[in-house]
Amino acid sequence: MTQAPAIRDIHAYLAELEDIPGTRVYTAARARKGYHINQFAMSLMTPENRARFRADEAAYLDEWPISAEAKAALLARDYNALLDMGGNIYFLSKLFSSDGIPFAEAVSTMTDMTWPEYRQMMLDGGRSPEGQRSIKGGY
Amino acid sequence: MARITAGVGSSHVPLLGVAVDQGKTRDDYFGPIFAGYDWTREWEKAEKPDVVILVFNDHASAFDMKIVPTFAIGCGDHYKPADEGWGPRKVPDVEGHADLAWHIAQSLILDDFDMTIINEMDVDHGLTVPLSMMFGTPDKWPAKVVPLAVNVVTYPVPSGNRCWALGEAIRRAVESFPEDLNVQIWGTGGMSHQLQGPRAGLLNREWDNAFLDMLVGDSDAARWIPHIEYLRETGSEGIEMVMWLIMRGALGPKTRLLHRHYHIPCSNTAIGHIVLEPED
């Protein structure tokens, strides 16, 4: 066994995670910021809560300690904004599942494509990593 | 003595479970994916493993953000399929192997791996989809399962090196269990996929196949791949592939390839599948 290239500098490690184009890595900082957004989404796992949410979305959201900005993003299903506020896709998926929207269709709303365009891109082999690997490096 | 006789790697995309549950596995879209598992289903019928150590990640089903264990081992007698928002999958309940699981848990802790113990949980597609892919649609799963849940969602997730080393420790633990058991270890998740943000839909056929290559033979190159490489090359959710390294580590210094399959796409994801056995 060769020696592990251990992570010696946590700040450099975390800075690198912010260097991916079009991506919000679910870091501890985002997990802290988005805690109640994600726990709200988790609450939609029961049929009773889904029914209450559907009956009055804004009133249901008012039960949670979530910022007005995040509430607006949740009501608008603005998933990119929610990622910025610390939402995580596996938790947010509870929301689009409650809406009856397939995973890939919900994912497509975060890109600059329509759902049919996105679906075709996937059938054609997906998005290439070329030029999508590093913001700073531009490769 | 119990022995780890084989390792299996497989994607665990939820849509595969939907295809099984709705009888679509041979249609134009899913046919090429499932055809790549035909070999494995026949092989499993002959191998008849007693227990599968199934490495997977929970997708906000059993765990929420209240508690985030890095490595957690299921020591219960049975697990029910989770309701992931559209009702539980109509698949058999999963039977645990509490004796082996507790033995592994204790051994790992004494071997410096600070495991979280799970006595009760529901298991989501991360665990039940691989069972469907490898065993088809039986009335009862033909093997008991020791679930091993890994945090691959909240960063930092465990390093590839740590996952590989955990696999090595699992092998030692299994081999010190006195009962004669045929044990397989499955690593699941991946391959390349990104489910979030403007870069969603990223797939990387070339990288994924290089990763599959690295699992065969005596190379340990895969254990040193840093998180940032998975992120850049395979999308934000490609990091699930560190779970395959637990499987690989548990097979010992050298492996032989029995079967391999790769297909793009399934929903947002590249499907990868490999069957390996330890080689002395």
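Structure notes:
- Charged side chains reduced to their Cβ positions (Lys and Arg at +1, Asp and Glu at -1) give the protein assembly as shown a dipole of some 420 debye around its Cα centre.
- Distance in nm between pseudo-label sites at B:Asp28 and B:Asn182 (7 Å out along the Cβ direction from Cα): 4.0 nm
- Relative to the longest principal axis of the Cα atoms of chain A, the long axis of helix A:89-98 lies at roughly 30 degrees.
- Taking chain B and dividing mean pair separation by its residue count, relative contact order in percent (alpha carbons under 8 Å, at least six apart): 31 percent
- Pair B:Glu95, B:Glu206: separation of 7 Å Cα→Cβ label points (nm): 4.8 nm
- Relative contact order %, segment A:31-123, counting alpha carbon pairs below 8 Å whose residues are six or more apart: 33 percent
- The residues of segment B:185-224 listed by number as losing at least 30 Å² of accessible area in the complex, against the isolated chain and with a 1.4 Å probe, are B:Leu195, B:Gln196, B:Gly197, B:Pro198, B:Arg199, B:Ala200, B:Gly201, B:Leu202, B:Leu203, B:Trp224.
- Most mobile listed residue (B:Leu215, B:Leu166, B:Leu15) in chain B, GNM with C-alpha springs under 10 Å: B:Leu15
- Accessible area that becomes buried as B packs against A, both chains, 1.4 Å probe, Å², nearest 100: 4100 Å²
- Expected 222 nm ellipticity per residue - DSSP helices of 4 or more, -39500 (n - 2.57), all of the protein assembly as shown, to 500: -11500 deg cm²/dmol
- Taken as entire DSSP H runs, the helices of chain B that both span 15 Å or more between Cα atoms along their own long axis and average -0.5 or more on the Kyte-Doolittle scale are B:98-110, B:160-175.
- Charges were assigned to the Cβ only: +1 to each Lys and Arg, -1 to each Asp and Glu. The resulting dipole of segment B:139-280 about its Cα centre is roughly 280 debye.
- For the protein assembly as shown, the spread of Cα coordinates along the three principal axes comes to 60, 48, 46 Å, biggest extent given first.
- Overall dimensions of segment A:32-139 by Cα: Rg and Dmax, Å: 15.8, 49
- Shape call, segment B:1-80: gyration tensor on alpha carbons, a/c limit 1.5: oblate
- Convex hull volume of segment B:151-257 per residue (C-alpha atoms, cubic angstrom): 102 Å³
- Stretching B:Thr5 away from B:Glu42 to a fully extended chain increases their span by 11.7 nm, per 0.36 nm per residue minus the current alpha-carbon distance.
- Shown is the FRET efficiency for A:Ala59 and A:Asp112, computed with R0 = 30 Å from the Cβ-Cβ distance and rounded to the nearest 0.05: 0.35.
- Inter-label distance, nm, simple model (7 Å from Cα along the C-beta direction), B:Ser219/A:Leu123: 3.5 nm
- Compactness of chain B - radius of gyration and Dmax, Cα, Å: 17.0, 52
- Per-residue shielding of B:234-241, expressed as the average number of other chain Cβ atoms within 10 Å of the residue Cβ, stands at 2.
- Among the protein heavy atoms of the protein assembly as shown, carbon and sulfur supply 52% of the accessible surface, probe 1.4 Å, non-protein parts ignored.
- FRET efficiency, A:Asp19 to B:Thr154 (Cβ-Cβ, R0 30 Å, nearest 0.05): 0.95
- Separation of segment A:26-54 from segment B:96-142 is 27 Å, based on Cα centroids.
- Accessible surface computed residue by residue for segment A:58-139, with neighbouring protein chains in place and a 1.4 Å probe, gives 46 Å² per residue.
- Distribution of pairwise C-alpha distances over segment B:60-209, 10 Å bins, in %: 9, 35, 37, 16, 2, 0
- Summed over the residues of chain B and divided among them, the accessible surface reaches 34 Å² per residue at a probe radius of 1.4 Å.
- For a straight C-alpha distance cut-off of 24 angstrom, the lysines reachable from B:Lys140 (same-chain residues fewer than eight places away being disregarded) are B:Lys24, B:Lys45, B:Lys48, B:Lys80, B:Lys90.
The values are calculated or read from the model by the stated rules, or taken from the named source; none is laboratory data. Note that this is a predicted model, so its numbers are computed, not measured. Cβ atoms come from the backbone with ideal geometry, glycine included; neighbour counts cover every protein chain shown. Please note that ligands, DNA and RNA were not included when accessible areas were found on the heavy atoms of the full protein model with its side chains. Shrake-Rupley method; radii C 1.70, N 1.55, O 1.52, S 1.80 Å.
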